[in-house]
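Colleague: To start, I am sharing the structure in question, which I have written as structure tokens.
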Amino acid sequence: MAAMVSSCSSLKSTTRSGKSASPGVALSNANAVGSGSQRKNEALPAIPDVKNAPKIIFFRPFNIEKGDPLQFKYAIKMNVEVERLVNADLYRFIDNWWGTPYRMGGATQQGVDCSAFTQTLMSVIYGQDIPRTAQGQKDFCSLVDLNDLHEGDLIFFKTRKGREITHVGIYLQDDQFVHASSSNGVMISSLKEPYWSRNFVSAGRVVDEKIAAVSSGK
């Protein structure tokens, strides 16, 4: 019985002194400090390389409750998310010209050819003056890869034999472009359509990312 009391007394004494009553789990102060310091060092974030960071262009956030009805209309027509059609002025322009008949040499809504349409759109929407003819517009642009297209790029085609570019449109989204078609007037077509895919020549850029961002944020 005396031995039992002595044992309990030893346990209380050990507990009061701040040491663990369980053998083998106590850590020295040095170990505790070292472990905490190691964790602190591991938690430090890497310093970003600002100079070599990619250039980021921020567009104005799209508020779906304040979206232009035309953005919803063309999102459905093009089968894309409405949030991606941030340039409301562009789609307002397209809608205003939609169905305008094709007329060689024409430059009004009574009749327009492909290069006059692209010239007008580039001037009104992006504030860019480009040559009048399709070939002149191609020569004026800097070439861009088909896999790197963005809104406002020019798309060039040869629909007849010869050296000259015969048709031009303006890229929108998801392989789709707006143009003045000789058969249906101003409309939206897809680069994936066999006819356009077969006659595609190249794409060019006049509108840089900064201009596109400003135009989209109007």
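Colleague: If you take the residues of region 73-82 that are touching a helix residue (DSSP H, G or I) at 6+ places or on another chain (Cβ under 7 Å) and part of a helix (DSSP H, G or I), which of them is modelled with the lowest pLDDT?
Modeller: So the residue we want is 82.
Colleague: Can you tell me how many residues in region 171-185 are outside any loop (DSSP other than H, G, I, E, B), of a type outside the set (Gly, Ala, Ser) and closer than 21 Å to residue 103 by Cβ?
Modeller: So the answer is 3.
Colleague: Follow-up question, since we're still on this one. Being touching a residue at least 60 places away in the same chain (Cβ under 8 Å) and part of a helix (DSSP H, G or I) is the filter here; which residues of region 103-119 pass it?
Modeller: Of everything in region 103-119, those that are touching a residue at least 60 places away in the same chain (Cβ under 8 Å) and part of a helix (DSSP H, G or I) turn out to be 114, 116, 117, 118.
Colleague: Restricting attention to region 186-209, which residues are part of a strand (DSSP E or B) and charged (D, E, K, R)?
Modeller: 205
Residue by residue, here is whether (1) surrounded by fewer than 16 Cβ atoms within 10 Å (Cβ to Cβ); (2) closer than 16 Å to residue 179 by Cβ; (3) without any contact (Cβ under 8 Å) to a residue 12 or more places away in the chain holds:
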position	(1), (2), (3)
72	yes, no, yes
84	no, no, no
87	no, no, no
94	no, yes, no
121	no, yes, no
140	yes, no, no
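Colleague: Being assigned to a loop (DSSP other than H, G, I, E, B) and among the β-branched types (Val, Ile, Thr) narrows it down to one of 155, 165, so name that one.
Modeller: 165
Colleague: Looking at residue 56, is it under 14 Å from the mean Cα position of the chain (by Cα), more than 30 Å from residue 181 (Cα to Cα) and either at pLDDT below 55 or not small (Gly, Ala, Ser) (or both)?
Modeller: yes
Colleague: Got at least one residue in region 157-175 being within 15 Å of residue 119 (Cα to Cα) and either among the small types (Gly, Ala, Ser) or out of contact with any helix residue (DSSP H, G or I) (no Cβ under 8 Å at 6 or more places or on another chain) (or both)?
Modeller: Yes, region 157-175 contains a residue that is within 15 Å of residue 119 (Cα to Cα) and either among the small types (Gly, Ala, Ser) or out of contact with any helix residue (DSSP H, G or I) (no Cβ under 8 Å at 6 or more places or on another chain) (or both).
Colleague: Also, I was wondering about something else. Of the residues that sit in region 148-167 and are more than 17 Å from the chain's Cα centre (by Cα) and under 14 Å from residue 207 (Cβ atoms), which one is surrounded by the most Cβ atoms within 10 Å (Cβ to Cβ)?
Modeller: Only one residue tops the list, namely 154.
Colleague: Run down 144, 178 and say which single residue is over 18 Å from residue 90 (Cβ atoms), surrounded by 14 or more Cβ atoms within 10 Å (Cβ to Cβ), of a type outside the set (D, E, K, R) and under 20 Å from the mean Cα position of the chain (by Cα).
Modeller: Among 144, 178, only 144 is over 18 Å from residue 90 (Cβ atoms), surrounded by 14 or more Cβ atoms within 10 Å (Cβ to Cβ), of a type outside the set (D, E, K, R) and under 20 Å from the mean Cα position of the chain (by Cα).
Colleague: Identify, from the list 153, 174, 139, the residue that is under 14 Å from residue 87 (Cβ atoms) and either modelled with pLDDT of 95 or more or in contact with a strand residue (DSSP E or B) (Cβ under 8 Å, 6 or more places away or on another chain) (or both).
Modeller: 153
The values are calculated or read from the model by the stated rules, or taken from the named source; none is laboratory data. Source: prediction; values computed, not measured. FYI the Cβ positions are ideal-geometry reconstructions off the backbone, even for glycines, and counts take in every protein chain you see.
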